[in-house]
Amino acid sequence: MTRLTWPENANLYLPKYKILYCPIAKNACTSLKGLMLELSGYDIENNCVHSLLDSGEAKLQMRFYSEEQQRSILYSSDAFRFAVFREPVERLISAYVEKFVVNRFDKSQWVHTKPVMAFIQKVAVDEVDIQKSITFREFAHYILRQKDSDLDTHWRSQSSYLRGVHYTHLYSIKNLAQLRLDLYRYIGQERSIPHKNQASTQAIEKLDSEPPLLLDRYPSSMEGLKLTKHNFLDDELIAELKRKYAIDYAIYDNL
């Protein structure tokens, strides 16, 4: 067995409990990474979850294990291996609102957003217009034109994260309470899973009035609006995206 690459090498493993977690971007992964760190004894109140992991201060990622250890973890018969899935188009809208609208001036987001903006605006990466950004329709059409493996992990298919590992438990993001209960039964400790890092979109079932359609509007014209997923739902575009993420839907619809 060779050393692991993405996505397996980014998985978190807790040897004390034999728990393997696959952090899928935009699927409550900040909260769940925090839970894994807490279970491992790290202080997340005074430390950034992502910094602890990416810097290697907290060596929970599979990249820190030897090939022999990796083999043992991946094929262990008694490990709790889990991932969380989200409705694919809702995940995409959340990523757009968070990174291209609300936090578009946050430099930490530019590694994800600037290549997309450069492609759409037809300029060099260091010449993109951050203020203008892109519309959701432009973002969606960009995704539809790209190979899944070439996409940023925040909008790459969720099913691609599952490559190479047999997961014993898959959950919908709407069922984190069941995940918490299952972990409790498995390790004998109870932990809550607060939902952090939410974009300002809300999945609501009933609306008092028809929301404004914002697919072709740029972020500066959205300021002050209460954004929901309904602002970006266009039947034809959604149908194309559902075909793009067909495998994700096949998994999600059975959770």
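The values are calculated or read from the model by the stated rules, or taken from the named source; none is laboratory data. Quick caveat, the model's predicted, so the values are computed rather than measured. For neighbour counting, all protein chains shown are included, and Cβ atoms are generated from backbone atoms with ideal geometry for every residue, glycine included.
Going by the structure shown, is GLN146 out of contact with any Pro (no Cβ under 9 Å at 6 or more places or on another chain) and on the phi < 0 side of the Ramachandran plot? So that I can check it myself, show each step before the final result.
Values: out of contact with any Pro (no Cβ under 9 Å at 6 or more places or on another chain): yes; on the phi < 0 side of the Ramachandran plot: yes.
Spelling it out, GLN146 is indeed out of contact with any Pro (no Cβ under 9 Å at 6 or more places or on another chain) and on the phi < 0 side of the Ramachandran plot.
Would you check if ARG81 is buried (at least 18 other Cβ atoms within 10 Å of the Cβ), of a type in the set (Lys, Arg) and assigned to a loop (DSSP other than H, G, I, E, B)? Before you say what the answer is, go through the steps one by one.
Numbers: buried (at least 18 other Cβ atoms within 10 Å of the Cβ): yes; of a type in the set (Lys, Arg): yes; assigned to a loop (DSSP other than H, G, I, E, B): no.
For ARG81, the condition - buried (at least 18 other Cβ atoms within 10 Å of the Cβ), of a type in the set (Lys, Arg) and assigned to a loop (DSSP other than H, G, I, E, B) - is not met.
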Test set (1) more than 27 Å from LYS33 (Cβ to Cβ); (2) surrounded by 14 or more Cβ atoms within 10 Å (Cβ to Cβ); (3) of a type in the set (Gly, Ala, Ser) - SER160 fails condition number: (1)
Only listed residue being among the hydrophobic types (A, V, I, L, M, F, W, C), assigned to a helix (DSSP H, G or I) and either farther than 28 Å from TYR171 by Cβ or in contact with a helix residue (DSSP H, G or I) (Cβ under 8 Å, 6 or more places away or on another chain) (or both), chosen from VAL101, VAL123: VAL101
Of the criteria (1) more than 16 Å from the chain's Cα centre (by Cα); (2) surrounded by 14 or more Cβ atoms within 10 Å (Cβ to Cβ); (3) not assigned by TED's automatic domain parsing to the domain that holds LEU170, which one PHE100 fails: (1)
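Does at least one position in segment 158-174 carry a residue that is touching a His at 6+ places or on another chain (Cβ under 9 Å), modelled with pLDDT of 95 or more and among the aliphatic types (A, V, I, L, M)?
Residues of segment 158-174 that are touching a His at 6+ places or on another chain (Cβ under 9 Å), as a first pass: 173.
Then drop every residue that is not modelled with pLDDT of 95 or more, which leaves 173.
Subset that is among the aliphatic types (A, V, I, L, M): 173.
There is at least one residue in segment 158-174 that is touching a His at 6+ places or on another chain (Cβ under 9 Å), modelled with pLDDT of 95 or more and among the aliphatic types (A, V, I, L, M).
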Pairs with Cβ under 7 Å, 6+ apart, first in segment 240-255 and more than 20 Å from ALA140 (Cβ to Cβ), second assigned to a helix (DSSP H, G or I): ILE251/SER159
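If a residue has to be part of a loop (DSSP other than H, G, I, E, B) and closer than 22 Å to LEU170 by Cβ to count, how many in segment 24-74 make the cut?
Kept after step one, since they are part of a loop (DSSP other than H, G, I, E, B), are these residues of segment 24-74: 24-28, 40-48, 55-60, 65-66.
Filter once more, so that each one left must be closer than 22 Å to LEU170 by Cβ: 24-28, 60.
The total comes to 6.
From the list TYR17, TYR13, which residue is within 17 Å of THR168 (Cβ to Cβ) and either in a loop (DSSP other than H, G, I, E, B) or not assigned by TED's automatic domain parsing to the domain that holds ALA83 (or both)? Spell out how you get there, then give the answer.
On the way: TYR13 fails: either in a loop (DSSP other than H, G, I, E, B) or not assigned by TED's automatic domain parsing to the domain that holds ALA83 (or both).
Only one candidate passes the filter, namely TYR17.
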Only listed residue being in contact with a strand residue (DSSP E or B) (Cβ under 9 Å, 6 or more places away or on another chain) and within 30 Å of LEU214 (Cα to Cα), chosen from ARG81, ARG86: ARG86
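Quick check on segment 131-142. Is at least one of its residues in a loop (DSSP other than H, G, I, E, B), at pLDDT 95 or above and under 16 Å from the mean Cα position of the chain (by Cα)? Write out each step before concluding.
Step one: list which residues in segment 131-142 are in a loop (DSSP other than H, G, I, E, B), which gives 131-135.
Now restrict to residues that are at pLDDT 95 or above: 131-135.
Narrowing the set further to residues that are under 16 Å from the mean Cα position of the chain (by Cα) leaves none.
No, segment 131-142 has no match at all.
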